[in-house]
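Inspection log for the structure reproduced underneath, given as structure tokens.
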Amino acid sequence: MKLSKGLITLLIVLGVILIIFLWVKNSYNSMVQQEEQVTTAWSQVENVYQRRADLIPNLVATVKGYASHERETLEGVVNARAKATQTTIDPTNMTPQAMEKFQQAQGELSQALGRLMVVVERYPDLKANQNFLELQSQLEGTENRITVERQKYNESARVFNTTIRMFPKNMIAGMFGFERKIYFEAKEGADVAPVVEF
């Protein structure tokens, strides 16, 4: 059976359209999957920051029992915690300004905790308190988790950003509105870790 030239041309055109459709579909689905990985990584970042915030009331209560006249420092920690827990970011609509505001609130909380730890140094009985030692250990572990989760988020964002910027996938990203994700960046002076030693 002999096929006409018109039918052969039609089959070739349909084949090319099918290949282009499959490529666009696979590229789009890959970008969606990577964007979801970024969102999941961001949720984990928020999760560990929330864990830190949840530890703070117990820490403040323990310190308050030993150092009740350190009211200004304790109130500073409580206020910084309140600000940090109220500052959130929608992972689907991150802006540099929102990220800076989030990092600033978390940084203020870290500084307040650092000031609290300086106060703790004046109270040897508090430093020997078992509840305080357990809170110290949990807080140190949480600070490490924050670092790990921020790294995971940055890696997910890097993979996604690379994908949507590379040719020819950048055309698909532009057609479907995929936008670059923001990274956690170290602030000036961030090479000095917050003091969480008790």
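The values are calculated or read from the model by the stated rules, or taken from the named source; none is laboratory data. Owing to the predicted nature of the structure, the values given are computational and were not obtained by experimental measurement. Note that each Cβ is placed from the backbone with ideal geometry, even for glycine, and that neighbours are counted across all protein chains shown.
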TODO: Examine the stretch 94-116 for a residue that is part of a helix (DSSP H, G or I), touching a residue at least 12 places away in the same chain (Cβ under 8 Å), surrounded by fewer than 15 Cβ atoms within 10 Å (Cβ to Cβ) and touching a Lys or Arg at 6+ places or on another chain (Cβ under 8 Å), and state whether such a residue exists.
DONE: no
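Quick check on my filter: what residues within the stretch 117-133 are within 19 Å of Arg81 (Cβ to Cβ) and either in contact with a Ser or Thr (Cβ under 6 Å, 6 or more places away or on another chain) or without any contact (Cβ under 8 Å) to a residue 60 or more places away in the chain (or both)?
Just the residues of the stretch 117-133 that are within 19 Å of Arg81 (Cβ to Cβ), to begin with: 117-120, 131-132.
Result: Val119, Asn131, Phe132.
Among what's in the stretch 140-175 and is among the aromatic types (Phe, Trp, Tyr) and over 30 Å from Leu59 (Cβ atoms), pick the residue that is surrounded by the fewest Cβ atoms within 10 Å (Cβ to Cβ). First the steps, then the outcome.
Let us first name the residues in the stretch 140-175 that are among the aromatic types (Phe, Trp, Tyr), namely 153, 160, 167.
Filter once more, so that each one left must be over 30 Å from Leu59 (Cβ atoms): 160, 167.
On the way: Phe160: 25, Phe167: 6.
Filtering the stretch 140-175 for residues that are among the aromatic types (Phe, Trp, Tyr) and over 30 Å from Leu59 (Cβ atoms), the one surrounded by the fewest Cβ atoms within 10 Å (Cβ to Cβ) comes out as Phe167.
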Task: In the stretch 66-93, the residues that are of a type in the set (Ser, Thr, Tyr) and either part of a helix (DSSP H, G or I) or surrounded by fewer than 16 Cβ atoms within 10 Å (Cβ to Cβ) (or both) - done: Tyr66, Ser68, Thr73, Thr85, Thr88, Thr92
- [ ] Return yes when Glu46 is under 28 Å from Ser156 (Cβ atoms) and either modelled with pLDDT of 95 or more or among the polar types (S, T, N, Q) (or both) and no when it is not.
- [x] no
Open item on the list: Contact list please: Cβ distance under 7 Å, first residue in the stretch 27-43 and part of a helix (DSSP H, G or I), second residue crowded, with 20+ Cβ neighbours inside 10 Å and of a type in the set (Ser, Thr, Tyr), pairs at least six apart or on different chains.
Closed with: Gln37/Ser156; Val38/Ser156; Ala41/Tyr153; Ala41/Ser156; Trp42/Tyr153
